[in-house]
Amino acid sequence: MARIIAIANQKGGVGKTTTAVNLAASLAQAPKRVLLVDLDSQGNATMGSGVDKRELVASTYDLLLGEGSAADVRVRCEEGYDLLPGNIDLTAAEIQLMAQSDREQRLKRALAPILPDYDFILIDCPPALSLLTLNALAAADSVIVPMQCEYYALEGLTALVETIDALKVNLNPALEIEGVLRTMFDVRNNLANAVSAQLTEYFGDRVFRTIVPRNVRLAEAPSHGQSIVGYDRASRGGVAYLGLASEIIRRNNERNKADR
Ligand code: ATP
Ligand code: MG
């Protein structure tokens, strides 16, 4: 059965989409069966997967509004994973869902029939604690929180942890923090190192050992509609995301063993 991981942080531009696309491609290399879900109206994960968001036949909009099944909406990407694409239509989905019952459970329900098809389902969330993000967190087993080690990062993180705790009570009691991921990291930056140390103190082994460095190849890859695995897997960014995939697979195996 698939492990569903939401990639969320209400702060914008912290590396959610970069993590979603490159982790999907890295897990597919393992090889694992992977589905990437684009829940952001910016459609960046869709474009970064080599799928044109302006030419979608169906999208996560249809999924959330019950106008299409996951099996109908999914497309195969060149780099060996499946995608439920998203685009600007999601803005309308959010408004239309407001009036509907069970509005936070739509994604969870839509994914249920295809869970046996995958080992990992990754959900790229928008930069807000919106109804779309709530749908992701209601469907997920765990959350990856990408963050930049900056001065205000810890404050934002505390807010997110409080939100996750509140959510657990109402929406999804089993939700776990898969890990906090340090992104765009610069080892020569003293502040980044200090924030990183505080992060480890607070979250302990919930901080991924893998650190994603600031690496221009990661920023270039999406403009070619490729992941870092396809674009330049030997780059420092490529090595980091392949390492993150190994770390997640190892933890998942350990968890499954402990459950048995
Ligand atoms: P949003 O909140 O708008 O959805 P996001 O959290 O998904 O943003 P990304 O789109 O992944 O963030 O990254 C923001 C910008 O930083 C992008 O231009 C991306 O290419 C770049 N970027 C992300 N990670 C790295 C990295 N490790 N090194 C260099 N550039 C990066
Ligand atoms: Mg994004």
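Per-structure values
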| item | result |
| --- | --- |
| Residue with peak Gaussian network fluctuation, the chain [Cα springs, cutoff 10 Å], from N190, N87, N215 | N190 |
| Cut-off under 5 Å, modelled amide H: who pairs with I4 long-range | I121, D141, S142 |
| Dipole magnitude of the stretch 171-254 about its Cα centre (Cβ charges: Lys, Arg +1; Asp, Glu -1), debye to nearest 20 | 260 debye |
| Surface per residue (accessible, 1.4 Å probe) for the stretch 180-249, Å² | 51 Å² |
| Karplus-derived 3J(HN,Hα), 6.51/-1.76/1.60, for each residue of the stretch 82-92, Hz, glycine and proline x | 9, 9, 9, x, x, 7, 4, 4, 4, 4, 5 |
| All-pairs alpha carbon distance profile, the stretch 163-260, 5 Å steps from 0, percent | 2, 11, 16, 17, 18, 16, 12, 7, 1 |
| Projected-area mean, the chain, by convex hull of Cα positions, square nanometres | 13.0 nm² |
| Volume of the Cα convex hull of the stretch 1-156, divided per residue and given in Å³ | 103 Å³ |
| Linear extension gain, R255 paired with N190, 0.36 nm per residue minus alpha-carbon span | 19.9 nm |
| Potential extension, R236-Y152 segment - 0.36 nm per residue separation minus Cα distance | 27.6 nm |
| Computed label-point distance, nm, for sites L115 and D205 using a 7 Å Cα→Cβ extension | 2.6 nm |
| 14 Å tail of the calculated P(r), the stretch 143-214, as % of Cα pairs | 60 percent |
| Residue-level accessible surface for K11, protein heavy atoms, 1.4 Å, Å² | 90 Å² |
| Charge dipole of the stretch 124-253 about the Cα centre (unit charges at C-beta), most positive-ward option of L154, L131, G238 | G238 |
| Kirkwood Rh in Å, taken over the stretch 47-114 so that all alpha-carbon pairs contribute | 12.5 Å |
| Surface accessible to a 1.4 Å probe, V51 within the full protein complex, Å² | 30 Å² |
| Candidate residues E55, E104, E78: accessible-area rank, largest first, probe 1.4 Å | E78, E55, E104 |
| For the stretch 152-158, Karplus couplings with θ = phi - 60° (6.51, -1.76, 1.60), whole Hz, Gly/Pro x | 8, 4, 5, 4, x, 5, 4 |
| Size of electric dipole in the stretch 1-94: Cβ of Lys, Arg +1 and of Asp, Glu -1, about Cα centre, debye, nearest 20 | 460 debye |
| Estimated dipole of the chain in Debye, rounded to 20 [Cβ of Lys and Arg +1, of Asp and Glu -1, Cα centre] | 660 debye |
| Helix-only [θ]222 nm of the chain, DSSP H runs n ≥ 4, -39500 (n - 2.57) each, per residue, nearest 500 | -13500 deg cm²/dmol |
| Residue-by-residue Karplus 3J(HN,Hα) for the stretch 45-56, coefficients 6.51, -1.76, 1.60, Hz, glycine and proline x | 5, 5, 4, x, 8, x, 10, 7, 5, 7, 10, 6 |
| Dipole of the stretch 55-106 [Lys/Arg +1, Asp/Glu -1 at C-beta], most positive-end residue of S59, I88, Q105 | Q105 |
| With DNA, RNA and ligands ignored, accessible area of M47 (1.4 Å probe; Å², nearest 10) | 60 Å² |
| Percent of Cα-Cα distances greater than 16 Å, calculated over the stretch 75-161 | 63 percent |
| Accessible surface of the chain, 1.4 Å probe, proportion on carbon and sulfur as whole % | 50 percent |
| Those lysines that a straight Cα-Cα span of less than 20 Å connects to K257, excepting residues fewer than 8 apart in one chain | K32 |
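The values are calculated or read from the model by the stated rules, or taken from the named source; none is laboratory data. Note that the structure is predicted; figures quoted are calculated from it, not measured. Quick reminder, even Gly has a Cβ in these numbers, built from the backbone with ideal geometry, and neighbours come from all protein chains shown. Side chains included, ligands, DNA and RNA excluded: accessible areas come from the protein's heavy atoms. Shrake-Rupley method; radii C 1.70, N 1.55, O 1.52, S 1.80 Å.
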